[in-house]
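> Next up is a structure, given as structure tokens.
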Amino acid sequence: MESLFTLPLVNGAKVRILQITDTHLFAGEDETLLGVNTFNSYRAVLDAIKAQQREVDIIAATGDLAQDQSVEAYHQFARGICELTAPCVWLPGNHDFQPAMVNALQDAGISPSKHVLLGEHWQIVLLDTQVFGVPHGELSEYQLEWLVRCLDAYPDRFTLLMLHHHPLPSGCTWLDQHSLRNAHMLANTLVNYPKVNTLLCGHIHQELDLDWYGRRLYATPSTCVQFKPHCTNFTIDTVAPGWRYLDLYPDGRVETEVFRLETSEFHPDTESDGYE
């Protein structure tokens, strides 16, 4: 967990991150989640990313990679992501089964590192917010202490903090029951670290750009099913699957853009009233 991954860059160059999240893959290629074939939508997203031909320095997969917790689902993810040339780092979501996840991804040559140094000016810290067996998230005392150690070790670097669960209400009442329960403890930990200027989440299957105590908080569409914003009860959106790029600059600026598939092929079952 504490192994450090270093990505050397040309000094002064920006860093480009590709975020892929909430793939919800199964062992089989014909399985669906809320009416969407998650394998096919994942493949379509990867094909669209390859067609863009954008240079990417690192890929971040921010949780819920598997829906059925199977080793083969993680193999499905790995086979797809390894078609892209950039290295990949990942964190678990509430649906993930970490014993299978760790082994399958490491066997595929995907780094388990949760601390990444990017060139001269940036670092990524990936936090585990999973509370196994429940949908909400929480940061353990160990995770918070480890975060402080990472930040103290490289105080001059800007920091992109990644976590699966969102620490700030999204505006969806039903989703916000499943947010990061001890977000106040994270906020208190970061008070003395202004260079942690950006947080990146998955989990909520929608695009989000909010201010959280003076820091930018982004969430990103899933590669499969989307959840409709600003809803009290579980509601599926009909917008297409997506992904996000983030460009990190030496002066701490972050530019980001979300893309979606230009197809209506992955239309969900809007009559669904939830999923496990």
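> Which of 60, 172, 106 sits closest to the plus end of the dipole of region 60-181, meaning its Cα is farthest towards the positive end, when Lys and Arg get +1 and Asp and Glu get -1 on the C-beta?
Checked the options; the winner is 60.
> Please report the spacing between the Cα centers of region 69-101 and region 120-181 in Å, no decimals.
Their Cα centres are 19 Å away from one another.
> Given a 1.4 angstrom probe, I'd like the percentage of the accessible area of the chain that is carbon and sulfur, rounded to a whole number.
Carbon and sulfur together cover 48 percent of it.
> A further question follows. Out of all DSSP beta bridges with both ends in region 110-181, state the antiparallel percent to the nearest 5.
If I count the DSSP bridges inside region 110-181, around 45 percent turn out antiparallel.
> I'd like the accessible area for residue 243, computed on protein heavy atoms only with a 1.4 Å probe and all protein chains in place. Round to 10 Å², please.
Its accessible surface works out to 10 Å², give or take rounding.
> Among the DSSP beta bridges whose two residues both lie in the chain, what percent are antiparallel, rounded to the nearest 5?
50 percent
> Ok, one more. In degrees, nearest 10, range 0 to 90: what is the angle between the Cα axis of helix 141-153 and the longest Cα principal axis of the chain?
Roughly 50 degrees, rounded to the nearest 10.
> Given the whole protein assembly as supplied and a 1.4 Å probe, what does the accessible area of residue 185 come to in Å², nearest 10?
About 80 Å², ignoring ligands and nucleic acids.
> Turning to a different aspect of this structure: Quick one: order 223, 263 from most to least accessible surface, probe 1.4 Å.
So, going from the largest accessible area down, we get 263, 223.
> Quick one: accessible area per residue over region 89-234, 1.4 Å probe, rounded to a whole number of Å²?
38 Å²
> I've got another one for you. Say the dipole of the chain comes from +1 at the beta carbon of Lys and Arg and -1 at that of Asp and Glu; which of 142, 130, 252 then lies farthest toward its positive end?
Toward the positive end, the furthest listed residue is 252.
> Students sometimes get this wrong: rank 244, 149 by accessible area, probe 1.4 Å, all chains present, largest first.
149, 244
> Antiparallel DSSP bridges in region 110-235: what percent, to the nearest 5?
Beta bridges within region 110-235, antiparallel portion: roughly 40 percent.
> Nearest 10 degrees, 0 to 90: what angle lies between the long axis of helix 38-52 and the longest principal axis of the chain (Cα atoms)?
Once rounded, the angle reads 50 degrees.
> Size of the chain along its principal axes in angstrom, Cα-based, largest extent first?
Taking max minus min along each principal axis of the Cα atoms, the chain gives 49, 37, 33 Å.
> Classify region 58-99 as rounded, prolate or oblate, taking a ≥ b ≥ c as the square roots of the eigenvalues of its Cα gyration tensor: rounded when a/c is under 1.5, otherwise prolate if a/b is larger than b/c and oblate if not.
Note, shape of region 58-99 comes out oblate.
> If eta is 1.567 mPa s and T is 4 °C, what Stokes-Einstein diffusion coefficient results for region 66-167, Kirkwood Rh from Cα pairs, in µm²/s?
Approximately 88 µm²/s, per Stokes-Einstein.
> Further, regarding this structure: Explain nothing, just the number: dipole magnitude of the chain about its Cα centre with +1 on each Lys and Arg Cβ and -1 on each Asp and Glu Cβ, in debye rounded to the nearest 20.
Result for the chain is approximately 840 debye, rounded to the nearest 20.
> For the chain, with a Gaussian network of springs between Cα atoms less than 10 Å apart, report the residue from 154, 249, 142 with the top mean-square fluctuation.
Looking only at 154, 249, 142, the biggest GNM fluctuation is shown by 142.
> Still on this structure: In percent, how large is the relative contact order of region 34-103, given Cα pairs closer than 8 Å and 6 or more residues apart?
Dividing the mean separation by the residue count of region 34-103 yields 38 percent.
> Please identify every one of the trypsin sites (Lys or Arg not before Pro) in region 1-90 that sits in a loop by DSSP and has no more than 14 other beta carbons within 10 Å of its own beta carbon.
54
> For the Cα atoms of the chain, what angle does the longest principal axis make with the long axis of helix 98-107, in degrees from 0 to 90, nearest 10?
Here the helix axis deviates by roughly 80 degrees.
> Dividing the Cα radius of gyration by the Kirkwood radius, what Rg/Rh value follows for region 115-159?
1.08
> Along each principal axis of its Cα atoms, how long is region 94-230 end to end? Whole angstroms, biggest number first, please.
39, 39, 27
The values are calculated or read from the model by the stated rules, or taken from the named source; none is laboratory data. Predicted model, so just to flag it, every value in this text is computed and none were measured. Positions of Cβ are backbone-derived with ideal geometry, glycine not excepted, and every protein chain shown enters the neighbour counts. For accessibility, only protein heavy atoms count, side chains too; no ligands or nucleic acids. Shrake-Rupley method; radii C 1.70, N 1.55, O 1.52, S 1.80 Å.
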